[in-house]
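Chemist: Quick one: the structure is below, and I'll ask about it shortly.
The values are calculated or read from the model by the stated rules, or taken from the named source; none is laboratory data. Small disclaimer: the values here were computed from a predicted structure and weren't measured. Cβ placement follows ideal geometry from the backbone for every residue including glycine, while neighbour counts extend to all protein chains displayed.
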Amino acid sequence: MVDSAQLLPVAQAARALDISRERVRELVHGGRLDAVRIGRELLVDARSVEHRKSVVKPAAGRPLSARMAWGFLWSLSGYQPAWISPSERVRLKRYARERVPAQWPRLLSGRARVHRVRMLPGPLARLREDLHAVVSGPVAAGRHGADLMAGSADEEFYVEAARFDELARSRRLRLDSAEPNAVIRVPALSGVLRPPGTDGLAILAAVAADLLDAGDERSVVAAQQLLTRLGEVHKLGE
């Protein structure tokens, strides 16, 4: 039970955790921060915020731009990002050596906008086959070889911005639902979802980044498994 005397507005919780307000709402929805809704306002339990500060290692450095974030993910996944210059490739190699995965949520936060939406079964099924979208999250992690079952978790996708706008205009998804059943990430850079030769899954490093964003123990372990497949030598949390 959340003590009403220890409740923080979302903006205050975001400042305390050095994350965005949207990220605070994601953590609440995922059960990683305790909160209550009073009227139309979401209020976060201050003790839950303090606990998260004590167990989550702060991330160092500024977030990468969208083009560098996707260059980082493509490079780790074994693809050549044509939009990255030779000098930027050197920087990306340094990031891969020096930035531990615990820092990824901040480092790669500029790669996409995150939306929690409600979709009917028909449009949701069609999105799985959409050439302008790729599957991510636990489903993609399992198909990439991680020991993680999707269970009852929301389905997760990356969807190109133009397709997302079309879905929103046609009301095939609801942005304001109190009961979302899908997480859609809209990349801040076009043309990055399907490198040559890939299928309908998000690239391996992007799936790992999404799992690290989730932050729960099972997701972090699955992310470690994927990073091991990529030859990533860093230990999570070090």
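Chemist: Report, ordered by the first and then the second residue, all pairs with beta carbons closer than 8 Å, sequence separation of six or more or different chains, a first member in segment 41-53 that is among the charged types (D, E, K, R), and a second member that is in a strand (DSSP E or B).
Modeler: Short answer, once both residue conditions are applied: Glu41/Pro9; Asp45/Leu7; Asp45/Leu8; Asp45/Ala35; Asp45/Val36.
Chemist: Here's a follow-up. Going residue by residue through segment 61-76, is there one that turns out to be at positive phi and touching a residue at least 40 places away in the same chain (Cβ under 8 Å)? Before you say what the answer is, go through the steps one by one.
Modeler: Narrowing segment 61-76 to residues at positive phi: 61.
Now narrow it down to the ones that are touching a residue at least 40 places away in the same chain (Cβ under 8 Å): 61.
Looking through segment 61-76, at least one residue is at positive phi and touching a residue at least 40 places away in the same chain (Cβ under 8 Å).
Chemist: Another question about this same structure. Hey, could you check segment 207-229 for residues that are more than 19 Å from Ile19 (Cα to Cα), out of contact with any Gly (no Cβ under 9 Å at 6 or more places or on another chain) and charged (D, E, K, R) and say which is surrounded by the most Cβ atoms within 10 Å (Cβ to Cβ)?
Modeler: Ranking the candidates gives Arg218 first.
Chemist: Right, another one. Under the condition of being within 18 Å of Leu27 (Cβ to Cβ) and more than 15 Å from the chain's Cα centre (by Cα), which residue from segment 178-215 is modelled with the lowest pLDDT?
Modeler: If we take residues in segment 178-215 being within 18 Å of Leu27 (Cβ to Cβ) and more than 15 Å from the chain's Cα centre (by Cα), then Ala178 is modelled with the lowest pLDDT.
Chemist: Listed residues Ala46, Ala35, Ala16, Ala69; which is surrounded by fewer than 20 Cβ atoms within 10 Å (Cβ to Cβ) and at pLDDT 90 or above? Walk me through it before giving the result.
Modeler: Details: Ala35 fails: surrounded by fewer than 20 Cβ atoms within 10 Å (Cβ to Cβ); Ala16 fails: at pLDDT 90 or above; Ala69 fails: surrounded by fewer than 20 Cβ atoms within 10 Å (Cβ to Cβ).
It is Ala46.
Chemist: Considering only residues that are small (Gly, Ala, Ser) and either over 27 Å from Leu227 (Cα atoms) or crowded, with 22+ Cβ neighbours inside 10 Å (or both), which ones fall in segment 158-206?
Modeler: Of everything in segment 158-206, those that are small (Gly, Ala, Ser) and either over 27 Å from Leu227 (Cα atoms) or crowded, with 22+ Cβ neighbours inside 10 Å (or both) turn out to be Ala161, Ala162, Ala168, Ser170, Ser177, Ala178, Ala202, Ala205, Ala206.
Chemist: Another one. Please determine whether any residue of segment 143-153 is in contact with a helix residue (DSSP H, G or I) (Cβ under 8 Å, 6 or more places away or on another chain) and assigned to a helix (DSSP H, G or I).
Modeler: Let us first name the residues in segment 143-153 that are in contact with a helix residue (DSSP H, G or I) (Cβ under 8 Å, 6 or more places away or on another chain), namely 144-151, 153.
Subsequent filtering for residues that are assigned to a helix (DSSP H, G or I) retains none.
Taking every residue of segment 143-153 in turn, none turns out to be in contact with a helix residue (DSSP H, G or I) (Cβ under 8 Å, 6 or more places away or on another chain) and assigned to a helix (DSSP H, G or I).
Chemist: Answer yes or no as to whether Glu160 is out of contact with any Lys or Arg (no Cβ under 7 Å at 6 or more places or on another chain) and acidic (Asp, Glu). Please lay out each step first, then the result.
Modeler: Working: out of contact with any Lys or Arg (no Cβ under 7 Å at 6 or more places or on another chain): yes; acidic (Asp, Glu): yes.
In short, yes.
Chemist: Could you run through segment 84-110 and say how many residues are over 15 Å from Ala66 (Cα atoms), surrounded by fewer than 19 Cβ atoms within 10 Å (Cβ to Cβ) and of a type in the set (Lys, Arg)?
Modeler: 3
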